[in-house]
1. Per-residue accessible area for Leu137 at 1.4 Å probe radius, Å² rounded to 10?
2. Given region 402-507, what whole percent of its Cα pairs are spread farther than 21 Å?
3. Contour minus end-to-end for Glu493 and Arg64, with contour as 0.36 nm per residue of separation and end-to-end as the Cα-Cα distance?
4. Amide H to amide H under 5 Å from Leu507: which residues, 5+ apart in sequence or cross-chain, H placed 1.01 Å off N in plane?
5. Quick one: which residues, 5+ away or cross-chain, put their amide H under 5 Å from the amide H of Glu150? H built at 1.01 Å from N.
6. With a 1.4 Å probe and all protein chains kept in place, how do Lys143, Lys180 rank by accessible area, largest first?
7. Ranked highest first by average number of other Cβ atoms within 10 Å, how do 489-499, 419-429 line up?
8. For a quick check: with amide H placed at 1.01 Å from N, whose amide H comes under 5 Å from Ile537's, ignoring anything fewer than 5 positions away on the same chain?
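The values are calculated or read from the model by the stated rules, or taken from the named source; none is laboratory data. These numbers were taken from a predicted model, which means no experiment stands behind them. Using ideal geometry, Cβ is built from the backbone for each residue, glycine included, and neighbour counts are taken over all protein chains shown. With ligands, DNA and RNA removed, areas are computed over all heavy atoms of the protein, side chains included. Shrake-Rupley method; radii C 1.70, N 1.55, O 1.52, S 1.80 Å.
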Amino acid sequence: MAEPWRDRARRAVEWNWRLRSVGDPRPHYVICGKDALAYYVARAMLESELPVGGARVTVVVPERYRSNGPDVAGLRGVRVVRSDRLDVAAFEAAGLAGATGLALLHQDDVGNLHAALCAQAVDQRVRQVLRMFNGTLADGVRKLLKAPVEVLSDAEMAAPAFVAAALNEVDPSSFQHRDKTLRVARRADVRPQDVVCALAHLTEAQGVELLPAEQAGADLVLAEATGQPPGTEVAARRLVRARRRRRPVTVVVGAVRGFATRKIGIAVMVVLALIAVLGALISRAEDVSPVEALYLTLVTTLSGADPDTTKAADAQIMQVVLNLAGLALIPLITAVVVDGIVNARLALHTGRLQPARAGHVVVIGLGNVGTRVMAQLREYDVEVVAIDKDPEPRGAALARQLEVPLIVGDAALPETLAAASVADCQALVVASTDDVANLEAALAARDLRADLRVVLRLFDGDFAERVEETFALGVSRSVSYLAAPAFIGALTERAVITTIPVDRHALPVAEVPVAAGSELDGRPLDVVNRDGQVRLIARTPAGGARTIWWKDLDPRQVIFAGDRLTVVARRRGLDWLTRQCAPPAHPVQVPRPGGSVHGGLPTPAAASPPVPGQTGSEIAASAPGAAYPAPYVEGASMTTSGGLPREETSQHDRTGEVS
């Protein structure tokens, strides 16, 4: 039964009074989305220690939706607004006016554009971060919106990691900053003088150690790009050369095998064998040359021969059998032709009429990510076969343009995988938007070939890690987990240059300005580097002077106000560095659990300033209530469809780090 309108009005008045009475000084972020990317961004904003006391986060989700992965509405500490439409009313209910940032993370590009225009009508100064796939539309959005806007594509950021895993190489991440072009590579593939810093040390016992203290022993490094091509390009060239060296006889036999059904092929082979045997016997009985025997056999088989009663009995019997074989051969040839034509016409619609292939890459799911993966593989001239349930998926037009065959069908069925020659492919990339379907396809492919390299897309990062360890299905990746740091950096207005995926982690590369009077103002450069958290790679002095890169950095050099520090860091390390470079702030009273209660709401004591040299975890532990960065009302939820807002309470609690 619907709630009486008097009760709804009373609850709305109480809610607005509580909002006005607090005057919460913390930054407010509004996140619109329902998938794993919205979850990781919201969780990171709650855990962020950049402002004193954390941030307030409001999440706008549809009234009813199925969570494919972690549930953003179940996060402890978020205010939930339920609305099936992102319009002005929904943004007003979410308190967008005066907010610090807005993240529009829905999948629909047009829907995100409409939501951005509605948000601009509510507040033209709020910073907007949009998730879009269409690059042309993204460029238009940047010009149309008056508000500060950043348009990002999670598929474009995550696709290189899938391509690298398919080619059994490291992620070919490269970026340009100032006057240098840097890329990710194995230490063995680059010269020692080109190594900028160590990114990861890969061990079977301890897994991945990010930004290790031991620089020389790291397996993965950030290096200056020279004339040497990256590992993924070398692997792709090797794969192309191997495909070109395939024996032509194998290709012809495979094409013939795929032309007709097996039963008709066996019948044709039996009749031809019988004709060959009889032709040999005729040549021996009549004592003629092989050429004359071939002529007599073909004429007798295909057109018959005049009866000759003077011939020997065995010759007459062979002549009769040859005539019967000829009568059987002609219908069989007709059946082969008809069967091939019918099968071709039936398979054209589904794409199942494919020649046998070897050494190619099969991509399942031509959505946002699958389309980007297909395009990058074709840029490397790698042969690709695509599979999708939808006859016209998002990447169908691009597949036709790139001459990539599209097989329409369920990837979990053996016949669909066989049509794509999965048993002979180089790798299988499963990139659809359904975790269950992806897992089924990966298991079905492993049944065809036990040693097949499978790159599996899963939405939940923890689930992806456990599936990779338990089922040994190859490499599992979470697109949202890889792309979340870039969206977080854009939302908080950090100068994030790029994000480097390392296994299931992501390392942002950022340029942080040093403010006057900050903790780092007047300190040596040596205090910036923190093992496992932050690694300094460049410093741009104040006044626009020439950038000093890692080769010429002296740890004893003093940091001055106005300098810009370029670092590779984990998310918590970047939080710490941003606080150290921020101008001094006066302590403020913010709502915190466990503090004194004023007006029915908790308020803490002033947060203590960070101690120089403390680690990120020590700073978090020293701050009052830092382990629970709750917003103004924990778990509050409002609904905008169906009348006045109503309040809910979430009982879920999820913690962790997106890094």
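1. Using a 1.4 Å probe on the heavy atoms, I get roughly 50 Å².
2. Tail of the P(r) past 21 Å holds 43 percent of the pairs.
3. 151.3 nm
4. Ile500, Val502
5. HN-HN under 5 Å from Glu150: Gln128, Val129, Leu130.
6. Lys143, Lys180
7. 419-429, 489-499
8. Thr566, Val567, Val568
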